[in-house]
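These notes are about the structure you will find just below.
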Amino acid sequence: MRRSENRRHRIRDKRCRTGAGAASFRPVPASVLSLALRRLLGAVPTLLVLVTLVFFLMRAAPGGPFDRERTLPPQIEARLAAEYRLDQPLWRQYLHYLGRLAHGDLGPSFQYEGFTVGELIGSGAPVSAELGGAALLLALLLGGGLGCAAALARGSAVDRALMLVSMLGISVPNYVTAPLAILLFAVLLNWLPAGGWSAHGMADAVLPVLALALPQIAAIARLTRASLLEVLGAGFIRAARAHGLGEARVLLGHAFKPAALPVLSYLGPAAAGILTGSVVVEQTFGIPGIGRYFVQGALNRDYTLVLGVVLFYGTLIVLFNLLVDLLYGWLDPRALPA
Amino acid sequence: MNGIVPATGWAGRLAADRAARAAAAVLCGVVLLVAIGPSLSPWPYDAVDFDGAWGAAPGLAGGHWLGTDEIGRDLFARVCQGGRISLLVGVAATLVALLVGVAYGAAAGYAGGRVDALMMRAVDVLYALPFMFLVVLLTVLFGRHLLLIFAAIGGVYWLDMARIVRGQTLSLRRREFVEAARVAGAPPWRIVRRHIVPNLLGVVVVGATLTMPQVILVESFLSFLGLGVAEPATSWGALVSEGAHAMETAPWSLVFPAALLALTLLCLNVLGDALRDALDPGHAHAAGPVRPATAEPAAGTAAALEPAQELLVVQGLRVDYPRRSGLLQAVRGVDLRLARGGTLGIVGESGCGKSQTALALLGLLPAGARPGGSVRLQGRELLGGGARQWRGVRGRVVGLVPQEPMTSLNPCRTIGAQLDEVARCHGLGGAAARAESLRMLDAVRIAGGAARLRQFPHELSGGMRQRVLIALALLPRPALLVADEPTTALDVTVQAEILALLGELQRALGMALILITHDLEIAAGACDRVLVMYAGRAVEEGAAAALWSAPRHPYTAGLLACRLRAEAGAAPLPIPGQPPDAARPPGGCAFHPRCARAQARCRDAVPAWRDGGDGRGIACHDPLDGCAG
């Protein structure tokens, strides 16, 4: 929600190109591509700040990747340091990292010998994507549906109950719901498996996806309700009713699309929330995604792995926001640049 | 969000909110428990009771009221001790966020211009960072120092605060009292401290209440990952994490801290929401459940047969809004008569109930309204009818040209799509609907035909949009068109064009017209008859020419004098005093506090409606020409 306000500032007041096609189909104008390009370029400073910050933070921390309980012989330590360029001045290491990054190379992992960071992320990403994607989809469908139901039943007992439950959903974090869900459904009732990913088929996914989606379901339901209520009070809805349109046509044809815009803007923060939550949920349910690399990598001072994971998350969030902007332009003709 | 509200009122609204009261009470309870709990418990939080190792179940025996954790430490003492840390972090980190955010936001907002743009750009860049990961990283790398946790969490949430405060400051610095201080030569830091910061208090308090649960969440998140405070110290997040590991042997060690954490966060969120609603009443939802609109039985007798040419007969129309503070009476008994093809102007200041009257004719009153009285259209009673009946009336029998051309068209759909939809809804097929849309566009004098139909509302000027809205209203050929201040939002030159168009179409289609306006001249120019409303009642009615040349009600005379002065080139002189508050209209004649002719009986008795016998009616104890004194 907080991003949407900002985005509207940037793209407000730009006139839409009058497409030549019919109302339902407008060809993608070149301006959309240039918008995408501009936004991607605009993300470069953000990612650069991120890489720089994380790089120097990691190096400022006490300890190093090869600290063990048992100290290594000095020759071996020197060889390792030379191999990973740790013997060079910090600024040269930084520039070297940036140079490799420019070629799409995230470097070798310090901890997982013989693996590059790219390979590690590549192996965990599909699992994390399945989990996160399912949670996001569930949050959208269920949150949107419940929000609409609450708005249409405004003031009723259903509305009030839904809003109270959603307030609870926002307030209770993943790391509380996840173990509680395991306790209830896996330990006490024995209905669902307590962990793992592919051993039991779909049943494995139920609890983690629910635990991950729950806060977002609640947030989206509240947002949808507020947004739909605002649209239903808008002048054009009253006008549409005054012209004799039936209630179903007013809702489907006029209310839902404008009401979806703020929800769409929230997708960026929602994706960020799901990424953060996945660290917890993957750990609690023992799911082999990339969330575990982050904390483990930081604890082990695996410089490249942590940088790689943070960069991956950062890029995902940037891409998600870009996608939201493009969808926004498609749904709201006022937002398309000239 | 309008955070600048007078201090009076919001505290009362907050105290009236039951959910907020309950949340505040629970929060006080939690704080009290956390504060005195450790000294109540017979066991210190870090002492191990070896009898209770592997988890003793909750119970009064043994002094472990909530049981023990896996290694035999008293859970009650630990939950209280953990709460101390969680709440302390919550308050302290919120304060950090508050101080940094308010200072940064106020500086950016006060500086304005390029400095502001640069400062906010920096906020944008920081905003896009995955901050949670940075906080986690910080604590992983530098160990578990409580101070570091405050700083890290505060560092995330100051951005939100900075944005909100900057927006408020920008709007505040244009206010008169700030301008005055600047002209008087006060230094900037002093203006910010004296004039801007106190006015930001509302938003800041709300921001803080809503930031605190998020901060507590982050701290517990860190503790859950094992990155929070170090053993043996603990926090709710750390307890939940320990409980999660021990849940198979000691489920209570998960349930109790989790419940307390959830309860606290829930109450903080509820309180924050209530506080925001209280400080910003516009944001609040309507009070109480909305009752379906029900009509009282028609007042008076509508039994008399209506002559065939009579289109609309409104008798004793009332529109009430039940509020917590009492009944808000928007319309307090209005009678209207309109023949087929006739034109009636309804005139009055804003808030006199004229728009409410119009919306009641279409069954479009906002949720919460309770209409009463009788509205008979073509001999059929409309009030009290269901959705199906209103659908048959709207568009087909009564059309509406709304007040706001800028917001009355759907911004997401083309003009053509909106026109076609109305045509189809009134029984035309695809191609016929498009042809009809084009014809209507032509009828309202919009050149450009088919190309126009592909445009979106934001591509049209205000006057053009109003023409489109007229086309939409006239497409189903209604017998009555209600135009609710159709020209108020338009330029003066465009106003005349739109009024001329309306008059022309009214005559060409032979439909009746109700024109609602605050301008007596517009009403008298466009309509045969004029009804003047004040404070929800009709005060004078008559033929437009007669009313214009010889007003009888002092209020009508005031409106006219105001108009005539404007025409003479002098500044228009408004009627002295303010329009009445619809929630508390003055007793007696509602106009008496502003009336130069007011007498004792004007304060005491509501003047009855009297027919002048010459086609005019009036509700006044002492009319201007004395005809009915």
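For the reader, a short list of remarks on this structure follows.
- Rounded FRET efficiency, nearest 0.05, which uses the C-beta distance separating A:ALA153 from B:GLU381 and R0 of 22 Å: 0.15
- A simple spin-label model places pseudo-atoms 7 Å from Cα toward Cβ; at B:LEU99 and B:SER350 they are separated by 4.4 nm.
- Residues in region B:544-557 carry Karplus couplings, in order, of 4, 5, 5, 5, 5, 7, 9, x, 9, 7, x, 5, 4, 4 Hz; the curve used is 6.51 cos²θ - 1.76 cosθ + 1.60 with θ = phi - 60°, and Gly or Pro positions show x.
- Dipole of region A:228-338, positive direction: furthest Cα of A:VAL295, A:GLY308, A:LEU229, with charges on the beta-carbon: A:LEU229
- Here the 3J(HN,Hα) profile of region B:529-540, calculated from phi with Karplus coefficients 6.51, -1.76 and 1.60 at θ = phi - 60°, is 10, 10, 10, 9, 10, 8, 6, x, 10, 7, 10, 7 Hz, Gly and Pro shown as x.
- Whole-angstrom gap from region B:543-564 to region B:186-208, using each part's C-alpha centre: 49
- The listed residues B:GLU497, B:GLU219, B:GLU248, once ranked by accessible area (1.4 Å probe) with the largest placed first, stand as B:GLU248, B:GLU497, B:GLU219.
- Once the Cα gyration tensor of region A:127-335 is diagonalised, semi-axes √(5λ) in Å: 36, 22, 12
- Charging the Cβ of each Asp and Glu at -1 and of each Lys and Arg at +1, and nothing else, the dipole of chain A about its Cα centre rounds to 1620 debye.
- Estimated FRET transfer efficiency (A:LEU331, A:LEU53; beta-carbon r; R0 45 Å; 0.05): 0.85
- Only one residue of A:VAL44, A:ASN190, A:GLY107 has its Cα farthest out toward the positive end of the dipole of chain A, where Lys and Arg carry +1 and Asp and Glu -1 on Cβ, and that residue is A:VAL44.
- Surface burial for B against A, with a 1.4 Å probe and both sides summed, reaches about 6600 Å² of accessible area.
- Summing Cβ point charges (Lys, Arg +1; Asp, Glu -1) relative to the Cα centre of region B:359-451 gives a dipole of roughly 280 debye.
- For region B:417-490 versus region A:169-209, the inter-centroid distance based on Cα atoms is 55 Å.
- Shielding value for A:244-257 is 4, the average number of Cβ atoms from other chains within 10 Å of each residue's Cβ.
- Residues whose amide H falls under 5 Å from that of B:LEU531, counting only those 5 or more places apart or on a different chain, are B:GLY345, B:ILE346, B:VAL347, with hydrogens built in the peptide plane.
- Between 0 and 90°, nearest 10: helix A:90-102 axis offset from chain A longest Cα axis: 50
- Among A:ARG160, A:ARG79, A:ARG222: highest mean-square fluctuation, GNM of chain A, C-alpha pairs under 10 Å: A:ARG79
- Long-range HN-HN contacts of B:ALA489 with modeled amide H, under 5 Å: none
- Computing FRET efficiency as 1/(1 + (r/R0)^6) for B:VAL183 and B:ALA25, where r is the C-beta to C-beta distance and R0 is 41 Å, gives about 0.25.
- If the chain linking B:ALA545 and B:TRP609 were pulled fully straight, counting 0.36 nm for each residue of separation and taking away their Cα-Cα distance, it would gain 21.0 nm.
- Accessible surface of region A:127-335 [probe 1.4 Å, protein heavy atoms]: carbon and sulfur percent: 72
- Pair-distance profile P(r), taking every C-alpha pair of region B:340-483, with 5 angstrom steps and integer %: 2, 9, 17, 20, 19, 15, 11, 6, 1, 0
- Acute angle (nearest 10 degrees) that the helix A:2-11 long axis makes with the longest principal axis of chain A, alpha-carbon atoms: 70
- Per residue accessible area of region A:127-335, 1.4 Å probe, in Å²: 35
- Compared with the dominant principal axis of the Cα atoms in chain A, helix A:303-331 is inclined by about 20°.
- Were the residues from A:ALA78 through A:LEU90 laid out at 0.36 nm apart, the gain over their Cα-Cα distance would be 2.7 nm.
- Nonlocal amide H pairs with B:GLY368, under 5 Å, H built at 1.01 Å: B:ARG291
- Helix-only CD estimate at 222 nm, as mean residue ellipticity for chain A, using -39500 (n - 2.57) per DSSP H run (n ≥ 4): -23000 deg cm²/dmol
- Computed from backbone phi, the HN-Hα couplings of region A:128-142 come to 4, 5, 4, 4, x, x, 4, 5, 5, 4, 4, 4, 5, 5, 6 Hz, rounded to whole numbers (Karplus: 6.51 cos²θ - 1.76 cosθ + 1.60, θ = phi - 60°; Gly and Pro given as x).
The values are calculated or read from the model by the stated rules, or taken from the named source; none is laboratory data. These numbers come from a predicted model, not from an experiment. Glycine also receives a Cβ, built like all others from the backbone with ideal geometry; neighbour counts cover every protein chain displayed. Keep in mind that these areas ignore ligands, DNA and RNA; they rest on the heavy atoms of the full protein, side chains included. Shrake-Rupley method; radii C 1.70, N 1.55, O 1.52, S 1.80 Å.
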